[in-house]
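Each remark here refers to the structure printed beneath this line.
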Amino acid sequence: MKSRNSKRRRFVVHEHHARRLHFDFRLEVAGVLKSWAVPKGPSLDPAEKRLAVEVEDHSIAYGHFEGTIAEGRYGAGEVRIWDEGFYEAEGDAAAQLKKGKLTFEMFGGKLRGTFSLVRMSRGEGQWLLIKARDGEAAPGWELETILEPRGAKRREGKLRLVVEPPRGRAAGSKSPGKAKGVKSSGAKARRKSG
């Protein structure tokens, strides 16, 4: 019999200050990070149903990316890991997504408890990310960003490392321009001033 941990897969939520602030919600499914752009970010309040727009798959290695995507590149701006951890789905997550509803339990630093991704009938690739009414629910919860808003004044003496995000195509992805076979030790692209 498989242990409970054998069902666990990685998730990561990137805070992404591009043209507009949004959060990239990523779940490890079938060897890639299935990804959704969530304009208002995830919520622990079950009354808040958050729009989640499906975007192209990313490689698993992309889940470790933090840094600045250079101007002129798609998604230019700051990217930081807002939350990460593991999730568990009952049954086959890929099959549930294909049917239009995935219910899963999250074990992250900020996101905990049961959530659902539900495909909307209108608009291709539009989903809702919904927090279940469980012991981890927090009515009235407000999301806090970890980065300063784009264009905000930077503190003196703070070094910024501008890095290129991993390139290539995720396994099984039909769209170019995302990570494939990126070597990563799990270290985050960040430099601190001494």
Going by how many other Cβ atoms sit within 10 Å of their own, how do MET106, MET120 line up, fewest first?
-> MET120, MET106
Could you please rank TYR87, TYR74, TYR62, placing first whichever residue has the fewest other Cβ atoms within 10 Å of its Cβ?
-> TYR74, TYR87, TYR62
For ALA138, enumerate residues with amide H under 5 Å from its amide H, sequence gap 5+ or separate chain, H modeled in the peptide plane.
-> ASP45
Under the Karplus relation 6.51 cos²θ - 1.76 cosθ + 1.60, θ = phi - 60°, what is the ordered set of whole-Hz ³J(HN,Hα) values for the range 93-104, x standing for Gly and Pro?
-> 4, 4, 5, 5, 4, 4, 6, x, 8, 10, 10, 8
Karplus (6.51, -1.76, 1.60) ³J(HN,Hα), θ = phi - 60°, over the range 25-37, in Hz, Gly and Pro reported as x | 9, 10, 10, 6, 9, 6, x, 9, 9, 5, 9, 9, 8
Normalised by the residues of the range 42-156, what does the relative contact order come to in percent, with Cα pairs under 8 Å and at least six apart?
-> 32 percent
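Since every read-out is calculated from the coordinates, none of them should be taken as a lab result. What you are looking at is a predicted structure, and each value in this text was computed from that prediction instead of being measured. Here the Cβ is made from the backbone with ideal geometry for all residues, glycine too, and neighbour counts use every protein chain on show.
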